[in-house]
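Since the structure comes first, as structure tokens, the remarks are kept for the end.
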Amino acid sequence: MSNYHIKHLEEYYQVYRKSIRNPELFWEEIAEEQFLWRKKWNHVLRWDFSKPEVKWFEGAQLNITENCIDRHLATRGDKTAILFEPNDPSKSAEHITYLQLYHRVNKFANVLKAQGIKKGDRVCIYLPMIPELAISVLACARIGAIHSVVFAGFSATALSTRINDSDCKMVITSDGSYRGAKTIDLKGIVDEALERCPGVKIVLVAKRIHSDIQMKEGRDQWLQQLLDEASDQCIAEVMDAEDPLFILYTSGSTGKPKGMVHSTAGYMVYTAYTFKNVFQYKENDIYWCTADIGWITGHSYIVYGPLANGATTVMFEGVPSYPDFGRFWDIVEKHKVTQFYTAPTAIRALAKQGTELVEKYNLASLKVLGSVGEPINEEAWHWYNDNIGKKNSPIVDTWWQTETGGIMITPIPYVTPTKPTYATLPFIGIQPALMDEHGKELIGNQVDGRLCIKYPWPSMARTIWGNHQRYKDTYFSAYENMYFTGDGALRDEVGYYRITGRVDDVIIVSGHNLGTAPIEDAINEHPAVAESAIVGFPHDVKGSALYGYVTLKDTGESRRHDNLRKEINQIITEHIGPIAKLDKIQFTSGLPKTRSGKIMRRILRKIAHNDTSNLGDTSTLLNPEVVQDIMDNAL
Ligand code: 7RM
């Protein structure tokens, strides 16, 4: 890949203007320069947001793993591709070179083939952050199977819903996982999930914690035995540019999770180009993103983006608090990490611990600090900047989404002057728009509205698996000819963007997007619950935490509220996972509703924020009397 980076602000504006004036020409040049194509494209871009349909590099053929692995072998065969840092700090890190990665991916790909997996089949990957996770993702891509990684913190119910939604034939998992001082019985969760998934015929099991687990005859197989027998050569499947590469589920404000479908060529080009520029990646850097590969951040900026650049990417199995809250800094020192990319919720949790555990370590290797997942508050920004970056590593506050595939609004380090809490400027090729509630675009600076994108970019999701109509309704119907992000944003006097948060019913808790509807659905399954409404409230570590208003059925029996609270959180854990547990549960005599029966979340939000001086217009309420009652009993 060419080593060219954007180097100063004037150049950014120049390249930006060029990318907007003629996007096709711009992206064609990027694609020409840096990748291995089996066949070049006939058309750079065809698009129609009204359908919506977007096609990049139509007619081109490639395999993304040849770009992420094979292409580097001649010059970087012995370079570390994946630097695996295990949960246990006393165990040594594993350096997987590009050549070793090539052999391991090929072996895994041959195992998939031998088990009957073919191009286009869906494979669910439910693994902890161990090398097999990255390798299985790449093995799927090698043979053209569509991977669907499910974050290994999700419950059996959440896992089975995702497996069934995309008809996965196979699940790849492990006997268990380490999480700090604890172990988690992942295989047990898979077994429970699969009781509801008749389509899954094969389960491959990696050994990690060496626990005594049940292997189901005819379904479950130990991965290592199959790998041992497999050849380390596997010819990459030739894929069309628009063939799906993967599905990744994201929660919506309503209904079941959305399986966002990403395609091959555009995703590769955009993640590679953003990685190089947003992290100013140089050949011998050691890049570390602390996300889990179960989220889009891990797909794009642990696996595909870094490997497409021939980078060394760190994969960390553990948690920031084990064996103590100095673990991140210990790893930075030990591996001389140069780019460190994490989430505001982690920064806040670490900031709470003071600076003693930071000062113990030498962080001088750091050159760029990244933030992603939710708005970073001023205090966390300064703590990160002062104590980790020592005021000389720029913070890149990167705004993007599962749906966008890659980073969309971000500073370019050492190029864009940063400003606390601002994601600053659109990345090259990205055309944001702020819209008012009447569907009019807000022109000029110092405006505040809903964030849309006006023009396609290569890594945008192409559809929702099995439901194109929902894709259209969710993202392309709010504003004509625009992609609507679901976020609010403001543009300051110099054109910098600040993301103000979700404008729909998605709440970001510790960087995890949670739709309120699925949580409410889970609670409502409790036999004592009549209805419920969830809102977010500010939390000093999680950013937002969940506040539930629950109305009980009038059964005549009186039940201990504390027990009910436990049971409600238990149901949520079973349906979604522990990340969706409620911090506060208030039992109410009713929920404020409009005449059309819609819960007025605005009011509930204000009460949860302890901001009841002005509740706004309550005249449209059907039952204004409950509001006083809820206020009197607020937690
Ligand atoms: C990458 C990722 C997407 C939502 C998005 C925003 C919020 C993400 C930032 C941010 C403010 C940021 N994908 N978000 N990054 N808000 N500043 N730098 O997180 O699909 O899981 O979430 O996250 O609300 O719409 S995601």
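The values are calculated or read from the model by the stated rules, or taken from the named source; none is laboratory data. The shown structure was predicted, so the numbers you read here are calculated from the model rather than taken from an experiment. Counting neighbours? That spans all protein chains shown, and the Cβs are built from the backbone with ideal geometry, glycine included. Note: accessible area is taken over every heavy atom of the protein model, side chains too, but ligands, DNA and RNA are not part of it. Shrake-Rupley method; radii C 1.70, N 1.55, O 1.52, S 1.80 Å.
Are any residues in the range 94-114 under 14 Å from ARG142 (Cβ atoms) and either polar (S, T, N, Q) or crowded, with 20+ Cβ neighbours inside 10 Å (or both), and if so, which ones?
LEU101, TYR102, ARG104, VAL105, ASN106, LYS107, PHE108, ALA109, ASN110, VAL111, LEU112
Within the range 396-417, the set of residues being surrounded by 17 or more Cβ atoms within 10 Å (Cβ to Cβ) and more than 10 Å from the ligand (Cβ to nearest atom) comprises PRO411, ILE412, PRO413, VAL415, THR416.
Screening the candidates LEU442, LEU451, LEU425, LEU434 for the property of being open to solvent by 30 Å² or more (accessible area, probe 1.4 Å) and among the aliphatic types (A, V, I, L, M) yields one hit, LEU442.
Please tell me if VAL494 is aliphatic (A, V, I, L, M), in contact with a strand residue (DSSP E or B) (Cβ under 8 Å, 6 or more places away or on another chain) and surrounded by fewer than 19 Cβ atoms within 10 Å (Cβ to Cβ). Spelling it out, it is not the case that VAL494 is aliphatic (A, V, I, L, M), in contact with a strand residue (DSSP E or B) (Cβ under 8 Å, 6 or more places away or on another chain) and surrounded by fewer than 19 Cβ atoms within 10 Å (Cβ to Cβ). In the range 359-373, which residues are within 7 Å of the ligand (Cβ to nearest atom) and open to solvent by 20 Å² or more (accessible area, probe 1.4 Å)? The answer is GLY373, and nothing else.
Going through the range 507-537 one residue at a time, which ones are near the ligand (Cβ under 9 Å from one of its atoms) and touching a Ser or Thr at 6+ places or on another chain (Cβ under 7 Å)? Matches in the range 507-537: ILE508, GLY511, ASN513.
Taking the conditions exactly as written (part of a loop (DSSP other than H, G, I, E, B), modelled with pLDDT of 90 or more and under 26 Å from ALA349 (Cβ atoms)), does VAL535 satisfy them or not? No: the conditions fail for VAL535. A count restricted to the range 501-534 and to residues that are over 15 Å from the mean Cα position of the chain (by Cα) and hydroxyl-bearing (Ser, Thr, Tyr) stands at 2.
When residues in the range 378-387 are screened for being out of contact with any helix residue (DSSP H, G or I) (no Cβ under 7 Å at 6 or more places or on another chain) and under 18 Å from GLN353 (Cβ atoms), 5 of them pass.
I want to confirm something. Restricting to the range 418-428 and keeping residues that are part of a loop (DSSP other than H, G, I, E, B) and of a type outside the set (S, T, N, Q), which single residue is nearest to the ligand (Cβ to nearest atom)? Here the answer is ALA423. Which count do you get for residues in the range 134-184 that are closer than 22 Å to PRO86 by Cβ, touching a helix residue (DSSP H, G or I) at 6+ places or on another chain (Cβ under 7 Å) and hydroxyl-bearing (Ser, Thr, Tyr)? Qualifying residue count, the range 134-184: 4. Checked against (1) outside any helix (DSSP H, G or I); (2) open to solvent by less than 20 Å² (accessible area, probe 1.4 Å), TYR178 passes all but condition (2). Taking the range 254-301 as the range and being in a strand (DSSP E or B), among the β-branched types (Val, Ile, Thr) and either under 29 Å from GLU32 (Cβ atoms) or open to solvent by less than 20 Å² (accessible area, probe 1.4 Å) (or both) as the test, only VAL261 passes. Looking across the range 25-54, the residues that are open to solvent by 60 Å² or more (accessible area, probe 1.4 Å) and under 28 Å from the mean Cα position of the chain (by Cα) come down to LEU36, ARG46, TRP47, SER50, LYS51, GLU53. Filtering the range 482-506 to residues that are part of a strand (DSSP E or B) and within 10 Å of the ligand (Cβ to nearest atom) leaves THR485, GLY486, ASP487, GLY488, ALA489, TYR497, ARG498, ILE499, THR500, GLY501, ARG502, VAL506. Can you say whether THR345 is open to solvent by 10 Å² or more (accessible area, probe 1.4 Å), farther than 22 Å from PHE84 by Cβ, within 16 Å of the ligand (Cβ to nearest atom) and of a type in the set (Val, Ile, Thr), as far as the supplied structure shows? So THR345 passes the test. Determine whether GLU317 is more than 30 Å from LEU245 (Cα to Cα) and open to solvent by 10 Å² or more (accessible area, probe 1.4 Å). Here the answer is no, as GLU317 does not meet what is asked. Scanning the range 211-230 for residues that are open to solvent by 80 Å² or more (accessible area, probe 1.4 Å) and either assigned to a helix (DSSP H, G or I) or in contact (Cβ under 8 Å) with a residue 12 or more places away in the chain (or both) yields a total of 6. Annotation note: of SER459, SER393, the sole residue that is part of a loop (DSSP other than H, G, I, E, B), at pLDDT 95 or above and more than 16 Å from the ligand (Cβ to nearest atom) is SER393.
Against the list (1) open to solvent by 10 Å² or more (accessible area, probe 1.4 Å); (2) in contact (Cβ under 8 Å) with a residue 60 or more places away in the chain, the condition VAL137 fails is (1).
Residues in the range 538-563 that are over 17 Å from PHE587 (Cβ atoms) and loosely packed, with under 15 Cβ neighbours inside 10 Å were compared, and the one that is nearest to the ligand (Cβ to nearest atom) is PRO538.
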